[in-house]
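Right, one structure below, let's go through it.
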Amino acid sequence: MAEPAIRLQKVHLTLGQGRGAVHVLKGVDLRVERGESVGIVGPSGSGKSTLLMVLAGLERADEGVVEIAGQSLQGLSEDRLAAFRGRHVGIVFQSFHLIPNMTALENVAVPLELAGHADAFARARRELEAVGLGQRADHYPGSLSGGEQQRVAIARALAPEPAILIADEPTGNLDAETGATVADLLFAERERRSMTMVLVTHDKTLAARCGREVSVRSGEIYDDGRSAALSSAAE
């Protein structure tokens, strides 16, 4: 069997200390194949966003195996983990996380510069054009609409050409029409680039567009969606 894009085995994570400690992830097992699109769903507080942060290497598991793009994340220093994430994992957040005193072009280019790409600004401009914002490259986030800011964030995530795209409620701060446009862009780019994509969403319609839905409840995966995905593939 081919090596998966993502493999989690018996992953546990507790956040906080003492009486305030919360066992957020409880023995999570998850396998995502290369090129697969997976929607993670579940009620608020179920641990789905924390699971996504573990996949992105932004939270470290207390126990278990976390392998992303064939690399075990256990034992990596913060610098090596950041470098790995910069090469292999693109991340889109609900709240955009753009730097307000940088233009759209600079927001996309700076992570590329930090990763050592000599053509950072040329690549950043191409990515902005790919998301329909070529004419807005010199605008600051404050002068962009929410949908435009999220498209800049998507361009920034895609610019390093990651193998894996991770999105946490990517349409959560957008109205329905704008959210649909952003969702169309995400899925079109995933298809065009043959990326693996994992997204957390409360939007059932958005989750249903993925090849598989993984349901999380109380820090555990109670349905990994494999049976439904296999049934759909067989039809």
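Quick one: dipole size for segment 131-190, taken about the Cα centre, charges +1 on Lys/Arg Cβ and -1 on Asp/Glu Cβ, in debye to the nearest 20.
Working: 4 positive and 9 negative charges, 32 e Å.
Magnitude of the dipole: close to 160 debye.
Just the accessible area for SER215, please: 1.4 Å probe, Å², rounded to the nearest 10?
Surface accessible to solvent at SER215 totals approximately 20 Å².
Quick one: net charge of THR205's neighbours, Cβ under 15 Å, K/R +1, D/E -1? Numbers along the way, then the final one.
Working: positive: LYS204, ARG209; negative: GLU169, ASP175, GLU177, ASP184, ASP203, GLU213.
Result for the local shell: -4.
Modelled label-to-label distance, ARG7 and THR205, 7 Å Cα→beta-carbon offset: nm?
3.8 nm
Once you place label points 7 Å from the Cα toward the Cβ at ASP79 and ARG126, how far apart are they in nm?
Here the answer is 3.0 nm between the modelled labels.
Could you list which residues have their amide H under 5 Å from that of LEU165, counting only those 5 or more apart in sequence or on another chain, with H placed in the peptide plane?
Hits under the 5 Å cutoff: GLY90, THR196, MET197, VAL198.
If you average the alpha carbon positions of segment 171-224 and of segment 116-161, how far apart do those two centres end up, in angstrom?
21 Å
Counting only heavy atoms of the protein chains, get the accessible area per residue of segment 126-219 (1.4 Å probe) and round it to a whole Å² value. Numbers along the way, then the final one.
On the way: 3930 Å² over 94 residues.
I get 42 Å² per residue for this part.
Please calculate the 1.4 Å probe accessible area of LYS10, with all protein chains present, and give it to the nearest 10 Å².
The value for LYS10 is about 120 Å².
In whole Hz, what ³J(HN,Hα) sequence does segment 160-177 give by Karplus (6.51, -1.76, 1.60; θ = phi - 60°), x for Gly and Pro?
Result, rounded to whole Hz: x, 6, x, 7, 10, 10, 10, 10, 10, 6, x, 10, x, 9, 10, 5, 4, 5.
Got a sec? Charge dipole of the chain, +1 on Cβ for Lys and Arg, -1 for Asp and Glu; which of GLY75, SER194, ALA130 is way out at the positive end?
Farthest towards the positive end: GLY75.
Could you check the spin-label model distance between SER44 and ALA21? Points 7 Å from the Cα along Cα→Cβ, value in nm.
With each label placed 7 Å out from Cα toward Cβ, I get 2.7 nm.
Can you give the helix-only mean residue ellipticity at 222 nm for the chain, where every DSSP H stretch with n ≥ 4 adds -39500 (n - 2.57) and the sum goes over all residues, rounded to the nearest 500 deg cm²/dmol?
Values: 8 runs with 86 residues, N = 235.
Mean residue ellipticity, 222 nm, calculated: -11000 deg cm²/dmol.
Quick one: putting +1 on the C-beta of Lys and Arg, -1 on the C-beta of Asp and Glu, what dipole do you get for segment 94-235 around its Cα centre, in Debye to the nearest 20? Each step should come with its number before you reach the end.
Numbers: 14 positive and 21 negative charges, 41 e Å.
I would put it at about 200 debye.
Per-residue HN-Hα couplings for segment 37-45, Karplus 6.51 cos²θ - 1.76 cosθ + 1.60 at θ = phi - 60°, whole Hz, x for Gly and Pro?
For segment 37-45, the Karplus-derived couplings read 10, 10, x, 9, 10, x, x, 4, x Hz, x marking Gly and Pro.
Run down the aspartates and glutamates and flag those whose C-alpha is under 12 Å from the C-alpha of LYS204, throwing out any fewer than 8 positions away in its chain.
GLU169, GLU213
Express the accessible area of segment 53-115 per residue in Å², computed with a 1.4 Å probe while the remaining protein chains stay in the model. Display every interim value, and only then the final one.
On the way: 3090 Å² over 63 residues.
The answer is 49 Å² per residue.
May I ask you to evaluate 6.51 cos²θ - 1.76 cosθ + 1.60, the Karplus curve with θ = phi - 60°, for each residue of segment 15-25 and list the ³J(HN,Hα) values in order in whole Hz, giving x for glycine and proline?
These are the phi-based 3J(HN,Hα) values: 10, x, 9, x, 5, x, 5, 10, 7, 7, 10 Hz.
The values are calculated or read from the model by the stated rules, or taken from the named source; none is laboratory data. What you see is a predicted model, and the numbers here were worked out from it, not measured in a lab. All Cβ positions, glycine included, derive from the backbone under ideal geometry; neighbour counts span all protein chains shown. Only protein heavy atoms, including side chains, enter the accessible area calculation; ligands, DNA and RNA are left aside. Shrake-Rupley method; radii C 1.70, N 1.55, O 1.52, S 1.80 Å.
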